[in-house]
1. Among TYR38, LEU112, LEU68, flag the residue with its Cα farthest along the positive direction of the charge dipole of the range 24-127, charges on Cβ as +1 for Lys/Arg and -1 for Asp/Glu.
2. Between GLN99 and residues 5 or more places away or on another chain, which pairs have amide H atoms under 5 Å apart, with H built 1.01 Å from N, and which residues are they?
3. Over the range 24-127, consider all pairs of different Cα atoms and compute the Kirkwood hydrodynamic radius from their mean reciprocal separation; express it in Å, one decimal.
4. Take the solvent-accessible surface of the protein heavy atoms, probe 1.4 Å, and return the percent of it on the range 24-127 that carbon and sulfur atoms account for.
5. How much length is gained on full extension from CYS34 to HIS121, taking 0.36 nm per residue of separation minus their Cα-Cα distance?
Amino acid sequence: MAPAALRVAGRRLSQHCRAGAPVLLRQMFEPTSCTYTYLLGDRETREAVLIDPVLETAPRDVQLVKELGLRLLYAVNTHCHADHITGSGLLRSLLPGCQSVISRLSGAQADLHIEDGQSIHFGRFVSWMLGPPEGSGPGIIGFKRREG
């Protein structure tokens, strides 16, 4: 799939989001590794977080962040990925102020290492780190978002 098609696919999904919703959401797909990347942003403050970025599509993600007028605070990895190289490092260099985030238990390098129960904030929203889902290994995290 060509890069332009990836951008269009991400935009199509977001066209179906409610215009007045406080959270801006974009789901993007990288076909080689079959990885979904998610961009969440606060429509009011313009602060955002990117979940599971892929190295090859980091330029696409930067372009979308800029097109939407967002300030990316965090590039979050839900775990160490065997199927692709994370785009966190490249995003940090392309978007000053962006910090990489991963579970402390992963053993991976990042600006912020978080543990079960800790949270990250973007705009009016808080995402709490949830420990590994049942049946998965250490270092895998999930998030639950709420206003706050």
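1. The listed residue farthest towards the positive side: LEU68.
2. It is TYR74, ALA75, by chain and number.
3. Averaging 1/r across every pair of different Cα atoms and inverting gives 13.6 Å.
4. Numbers: 2460 of 4690 Å².
Answer for the range 24-127: carbon and sulfur cover 53 percent of the accessible area.
5. Stretched fully, the CYS34-HIS121 segment lengthens by 28.5 nm.
The values are calculated or read from the model by the stated rules, or taken from the named source; none is laboratory data. Predicted model, so just to flag it, every value in this text is computed and none were measured. All Cβ positions, even for glycine, are placed from backbone atoms using ideal geometry, and neighbour counts span all protein chains on display. All accessible areas refer to the heavy atoms of the entire protein, side chains included, with ligands and DNA or RNA removed. Shrake-Rupley method; radii C 1.70, N 1.55, O 1.52, S 1.80 Å.
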